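Visitor: Can you keep this structure in mind? I'll have questions shortly.
The values are calculated or read from the model by the stated rules, or taken from the named source; none is laboratory data. Computed from a predicted model, the values in this text were never measured in an experiment. With ideal geometry, Cβ positions are generated from the backbone for all residues, glycine too; neighbour counts draw on all protein chains shown.
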Amino acid sequence: MPAEPLGAGGPAEPTAAPVRRRPRGRTTLIIAAAALLGIVGGVAVGYGMQAEREPTPLAALSQPGLGYPAKPAAADRAPAPLPAAQDRRAKTDGDLRKLLIDRPKGTRKTLIDELGLGDGWEPIDQYAEMNFEDPHYMFEALAERGLRRVASASWDQGKYRNTEVHLLQFRSGDVLGAAEHVDEQMMYMPLGKRGAGNTGDAIKGSREGRYFLYPVEREAGYLPFYRARALAVRGDIALDISISDSSPISKKDIRTLAERQLERL
């Protein structure tokens, strides 16, 4: 009987059962939960013990004067309001006519003032009509820039000299009406036809203010016509001064007048 080949039959050798590993996550979770319960329990016991104790008073302050806030230093206090004499806003919001320069000695009132028709206020349309070639345009431009009021003064001197001072106050807002009005006038002053034909000279005490002498105008049958003008801005007020005469006008005359008026604003 032939021998059976090995491995062809007969009882099989026992096979080792697979080893089942214990999951690691469950153990970690149990340990973490136990630790958390211990912390919570300890905190609860601590709060309970603290609640049963008598309150302990705080120690007294060792430095005097710290129980109340210290008085603010002089530098931290709100500045005191300016007196009316130094508050330019208080001056300009009052009677604008009081800021007009006084009529110089040796001069006389104009015919309008002599008749009692002048009160120091000048209507806007009258200012535009008497001082500009295109009064309709100027009236609309002044209205758009927020012109609020015009105070004016005038006087006569000698035989033919006349001086006019105008203070134009504009409303406060997004548009800087006084500066825009003077800037527009300054633009055409160097022109020969509409302006003085020169760039003028600076007025002391004003950053942009200037005064101008016009060339003499001559026409057959008429006296020569001389003219000077000064323009400046001080806050919301535009300054416009004119001198006319049949004799030459010196720079000193118009400059001194403009500087004196600016000192009042």
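Visitor: Name the strands (runs of 3 or more DSSP E) wholly inside segment 166-256 in which the number of residues that are within 22 Å of Asp125 (Cβ to Cβ) and in contact (Cβ under 8 Å) with a residue 40 or more places away in the chain is 3 or more.
Guide: Filter on segment 166-256 gives 237-245.
Visitor: Just need a number here: residues in segment 108-125 that are crowded, with 16+ Cβ neighbours inside 10 Å and under 18 Å from Thr163 (Cβ atoms).
Guide: Narrowing segment 108-125 to residues crowded, with 16+ Cβ neighbours inside 10 Å: 110, 113, 118, 122, 124.
With the extra rule that they be under 18 Å from Thr163 (Cβ atoms), the set shrinks to 110, 113, 118, 122.
Of the residues in segment 108-125, 4 are crowded, with 16+ Cβ neighbours inside 10 Å and under 18 Å from Thr163 (Cβ atoms).
Visitor: Filter segment 204-240 down to residues that are more than 27 Å from the chain's Cα centre (by Cα) and crowded, with 21+ Cβ neighbours inside 10 Å, then give me how many there are.
Guide: 5
Visitor: May I pose another question? I'm told Arg148 meets every condition in (1) part of a strand (DSSP E or B); (2) under 24 Å from Glu259 (Cβ atoms) except one. Can you identify the failing condition by its number?
Guide: (2)
Visitor: Next question. Return the residue satisfying two criteria in turn: it lies in segment 126-151 and is touching a residue at least 24 places away in the same chain (Cβ under 8 Å) and surrounded by 20 or more Cβ atoms within 10 Å (Cβ to Cβ), and of such residues it is nearest to Leu99 (Cα to Cα).
Guide: This residue is Ala151.
Visitor: Is it true that Arg207 is out of contact with any Lys or Arg (no Cβ under 8 Å at 6 or more places or on another chain) and modelled with pLDDT under 95?
Guide: yes
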